[in-house]
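Written below as structure tokens is the structure these notes are about.
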Amino acid sequence: MKKKPKHIKQEDWDAVESPPLSTKMLSKMQPVRKTHPNIPSRVRGPQKEPTKKQLTIRLNQEVVEHFKSQGKGWQTKINEVLTDYVHSHTENDPGN
């Protein structure tokens, strides 16, 4: 199911009805790659600076649930919290 764009009211989105596909229509369907071979594969673009390092980290379930409950961008939020922690502890560290 396609996600509703933010600029469209929910009531308008719900009012649109798509007709069911007939057997004839279904039989004519082909993969997009076959009908449009020049469309490039979906590839993630280059990462913005500074680049991040992908890794696996084990967190308490409580921590993961807390951040996930905040919705989209929860991993970015964890990164922001950890970055703030690093900065606050680096600035106060007399060894640096």
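Each reported figure results from applying straightforward, stated rules to the coordinates on display, with no laboratory input. These numbers were taken from a predicted model, which means no experiment stands behind them. Every residue, glycine among them, receives a Cβ derived from its backbone with ideal geometry; neighbour counts consider all protein chains shown.
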request  = Would you mind checking the tilt of helix 74-91 against the longest principal axis of the Cα atoms of the chain, expressed as 0 to 90 degrees and rounded to 10?
outcome  = 20
task = Largest first and in whole Å, give the semi-axes of the chain's equivalent ellipsoid, each being the square root of 5 times a Cα gyration tensor eigenvalue.
result = 45, 21, 14
note = Ranking H7, S41, Q70 by how far each Cα lies towards the positive end of the charge dipole of the chain (+1 on Lys and Arg Cβ, -1 on Asp and Glu Cβ), the top one is S41
For segment 43-56, Karplus couplings with θ = phi - 60° (6.51, -1.76, 1.60), whole Hz, Gly/Pro x = 10, 6, x, x, 6, 5, 7, x, 6, 9, 9, 7, 7, 10
request  = Using Cα positions and a limit of under 28 Å, work out the lysines in reach of K52, with same-chain residues fewer than 8 apart set aside.
outcome  = K68, K72, K77
message = List the trypsin sites (Lys or Arg not before Pro) within segment 3-65 that DSSP assigns to loop and that have no more than 13 neighbouring Cβ atoms inside 10 Å.
response = K3, K6, K9, R42, R44, K48, K52, K53, R58
ask   = Once every DSSP H run of n ≥ 4 in the chain is given -39500 (n - 2.57) and the sum is divided by its residues, what mean residue ellipticity at 222 nm do you get, rounded to the nearest 500 deg cm²/dmol?
value = -12000 deg cm²/dmol
